[in-house]
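Engineer: Once you've had a glance at the structure underneath, I'll fire off some questions.
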Amino acid sequence: MAFIAVALGIVVMPVAAYAIDSATVSAAAAALEEATATAATEASQQLDISGFRATGVLSVDATAARGVAQAVLAAEVPMASITSVTVTGAEITIATHEEVPLPFDFFPDRTVRLQASASARLAGGYDRPSSRLPLPISTF
C-alpha cells in the first residue's frame, strides 16, 4: 500500500498534470486556427468598391477587412490578438496570437504563446447560371 501511495504521487500525478496541460494547449490551438481561418474568409469578402469601379479589378478593402477580422476573432476567441493583416490585391493573410495560461505548473512557463496564420482570396461570383446544369426535378 505504501508503494502505491508513493508511486501515485511521483508518477501518476505529473502524468495527469502533463495530460491536462497538453489538452488545454491543443484545444486552444485548434480554436485559434479555426477562428483565424474564419476571420480570413470573412475579411476576404470585403470588396474595394471604388477600386473595382475605377479599374475593374477585384481587390480587398484593407480597412474594412481588418475591422471584420477583428470582430470575428473577438467573437470566437476573445483572448486572441491580430498580429498582422496583409492585403495583396485580392488575397489577404491574417496572423494571430494568443497567450494561453496553463492550469498546472508542470511546464516551467505558466503560459504558452500560440500563433496561427491563414490566407483567403476574394473571388468573383457568377452572373448567370450555367446552361449545363440540370433543371430541378420534383416528384410527388
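Bear in mind these aren't lab numbers, they're just calculated from the coordinates by the rules spelled out. Quick caveat, the model's predicted, so the values are computed rather than measured. When we count neighbours, we look across all protein chains shown, and the Cβ atoms used for this are built from the backbone with ideal geometry, even at glycine.
Engineer: Spot the failing condition for L8; the list is (1) more than 26 Å from the chain's Cα centre (by Cα); (2) under 18 Å from A123 (Cα atoms); (3) part of a helix (DSSP H, G or I), and only one is missed.
Structural biologist: In the conditions (1) more than 26 Å from the chain's Cα centre (by Cα); (2) under 18 Å from A123 (Cα atoms); (3) part of a helix (DSSP H, G or I), L8 misses (2) alone.
Engineer: Can you tell me which residues in region 100-124 are surrounded by 16 or more Cβ atoms within 10 Å (Cβ to Cβ) and either touching a Pro at 6+ places or on another chain (Cβ under 7 Å) or not in a strand (DSSP E or B) (or both)?
Structural biologist: Residues satisfying the conditions are L102, F106, L122.
Rundown of residues vs (1) surrounded by 13 or more Cβ atoms within 10 Å (Cβ to Cβ); (2) polar (S, T, N, Q); (3) touching a Leu at 6+ places or on another chain (Cβ under 8 Å), yes/no style:
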residue	(1), (2), (3)
L58	yes, no, yes
R66	yes, no, no
Q70	yes, yes, no
E76	yes, no, no
V87	yes, no, no
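Engineer: Output the residues belonging to region 60-71 that are assigned to a helix (DSSP H, G or I) and either of a type in the set (G, A, S) or touching a residue at least 12 places away in the same chain (Cβ under 8 Å) (or both).
Structural biologist: A62, A64, A65, R66, G67, V68, A69, Q70, A71
Engineer: Give region 11-40 a look and list any residue that's closer than 28 Å to G67 by Cα, out of contact with any strand residue (DSSP E or B) (no Cβ under 6 Å at 6 or more places or on another chain) and surrounded by 13 or more Cβ atoms within 10 Å (Cβ to Cβ), or say none. Don't jump to the end; show me each part of the working.
Structural biologist: So in region 11-40, the residues closer than 28 Å to G67 by Cα come out as 25-40.
Filter once more, keeping what is out of contact with any strand residue (DSSP E or B) (no Cβ under 6 Å at 6 or more places or on another chain): 26-27, 30-31, 34-35, 38.
Listed by number, the residues that qualify are A31, E34, A35, T38.
Engineer: While we're here: Say we look at region 16-59 and pick out the residues that are among the polar types (S, T, N, Q) and in a helix (DSSP H, G or I); which of these is farthest from the chain's Cα centre (by Cα)? Full working, then the answer.
Structural biologist: Of the residues in region 16-59, the ones among the polar types (S, T, N, Q) are 22, 24, 26, 36, 38, 41, 44-46, 50, 55, 59.
Within this subset, residues satisfying the condition of being in a helix (DSSP H, G or I) are 22, 24, 26, 36, 38, 41, 50, 55.
Values: S22: 19, T24: 17, S26: 14, T36: 2, T38: 6, T41: 10, S50: 29, T55: 32 Å.
The selected residue is T55.
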